[in-house]
Amino acid sequence: MYDLKHPALSDYLHRFPARQYIVRSEDKELFLRFSACFGQFLMAKDMQISYKHLPFKLYELTRYSFRREKSGELVGLRRLRAFTMPDCHAFCKDLEQAKSEALRRFELSMNVLSGIGLTRDDYELAIRATEDFYRENKEFLAELVRKFGKPALLEMWSERFFYFVFKWEFNFVDNLGKASALSTDQIDVENAKRYGIQYMDEDGTLKYPLILHNSPSGAIERCLYALLEKAHRVAQSGGTPTLPVWLSPTQVRLIPTTSSYVEGACALADKMNKSCVRCDVDDREETVQKRVREAEKEWVPYIVVFGEKEASSNLLQVRDRVKRTIRQMSLDDLIRVIREQTADKPYLPLPLPTLLSQRPRFT
């Protein structure tokens with residue numbers, strides 16, 4: 001929460017109007033932040049920065065950012081009142097340094113979206129710039145489009161409306177034709193002076209840096225929305241909707257053929273979970289066919305029916321849900337295949353009991 005009457009923040013809010021939640025506390029009015037800018041800029045104001053430090057970068061994964069959206073505007077994960085967003089600012093010496101850093105961050109953002117599971121065919125590039133910036137930096141804009149590898153939409157302003165002279169964003173277009181911004185970056189020419197952020201230049205004078213505002217992915221919830229929309233598009237074209245393996249809540253589901261194989265299946269699941277593979281066991285008293293079908297509906301990438309043959313041979317018949325194939329694999333081979341797909345991704349353990357019979361059911 002920040003003081004609504006803080007001189008720098010008050011001026012910023014008028015320059016960049018957003019729908020704030022206002023909290024009254026004794027004699028103060030506070031607002032819930034809608035980005036990481038305020039805290040980072042107030043910290044940077046108290047730093048002694050040299051030109052040798054630039055570009056200087058501050059990063060935060062905000063949890064949460066808040067925007068008081070109207071009820072009719074709230075749509076699934078696309079638009080929320082509270083969201084989680086990585087925010088990365090860079091303080092740059094001059095425009096040439098800002099452009100160089102912006103190109104690096106542009107590639108970073110494409111790599112982040114690729115790592116999440118979105119290809120360049122899944123989103124479009126939009127650029128906004130003042131006419132002056134466009135005329136003086138055409139080659140920079142052309143380099144961005146070349147790196148993107150697809151045509152881009154350029155919007156030009158005759159004069160500057162906001163605190164930035166240039167902005168790009170990646171827009172995901174969903175199945176209803178609605179565009180939503182994911183990654184973005186901006187060249188801010190106002191806020192260093194507004195917040196009193198200065199650096200000591202080589203000639204001994206104090207100067208105001210340019211500030212880049214980059215979110216390498218955009219809101220995390222909106223990325224999930226994009227992945228779900230993409231999965232729906234795949235399903236509509238006859239493919240198998242899925243989440244990336246690293247993001248799937250359950251990566252392997254073991255289905256014992258009878259209750260006598262539950263213990264053996266749990267032993268395998270324990271080995272997989274200790275190897276950073278999220279594995280659960282469907283021990284419910286349902287038919288094998290129904291349990292396989294429900295695993296498919298839950299988008300579990302790998303499904304293994306575990307019975308006498310598997311228990312005696314140490315070989316598993318692994319159903320690959322996306323490829324729609326069944327492969328004979330050892331437990332170590334299955335773990336290796338999944339670890340290869342999730343090697344550079346974050347890992348959290350199975351969030352629910354291993355046995356499905358111990359979980360509450362939703363109807």
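Values quoted throughout were computed directly from the atomic coordinates according to the rules given, and no laboratory measurement underlies them. Here the structure is a predicted model, which means the values were calculated and not measured. In this analysis, Cβ positions are derived from the backbone assuming ideal geometry, glycine residues included, and neighbour counts consider all displayed protein chains.
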Handout entry: Estimated translational D of segment 37-236 in µm²/s (Stokes, Kirkwood radius over Cα pairs; 25 °C; 0.890 mPa s)
Key = 137
Practice task
Can you give me the three principal axis dimensions of the chain from its C-alpha atoms, in Å, biggest first?
Solution key: 78, 54, 42
Practice task
In vacuum, with every alpha carbon of segment 68-182 counted as one equal point scatterer, what does the Debye formula give for log10 I(q)/I(0) at q = 0.13, 0.20 Å⁻¹? Two decimals, please.
Solution key: -0.61, -1.30
Problem - Nearest-0.05 FRET efficiency for residue 258 and residue 145, computed from C-beta distance (R0 56 Å) - result: 0.40
Fill in the blank from the handout: With Cα coordinates, the longest principal axis of the chain makes an angle with the long axis of helix 262-274, in degrees rounded to 10, of 30
Handout entry: Pairwise label distance in nanometres, residue 26 with residue 136, each label 7 Å out on the Cα-Cβ vector
Key = 4.7
Completion exercise
Label model pair residue 348, residue 48: point-to-point distance (7 angstrom along the Cα→beta-carbon line) in nm is 4.2
Practice task
Specify whether the C-alpha gyration tensor of segment 132-192 places it in the rounded, prolate or oblate class, a ≥ b ≥ c being the square roots of the eigenvalues: rounded for a/c under 1.5, otherwise prolate if a/b is larger than b/c and oblate if not.
Solution key: oblate
Fill in the blank from the handout: For the chain, longest principal axis from Cα atoms; helix 288-297 axis from its Cα atoms; angle between them, nearest 10 degrees, is 10
Handout entry: Magnitude of the charge dipole, segment 245-358, Cβ model with Lys/Arg +1 and Asp/Glu -1, debye to 20
Key = 380
Fill in the blank from the handout: If R0 = 56 Å, then residue 285 and residue 61, at their Cβ-Cβ distance, give a FRET efficiency to the nearest 0.05 of 0.85
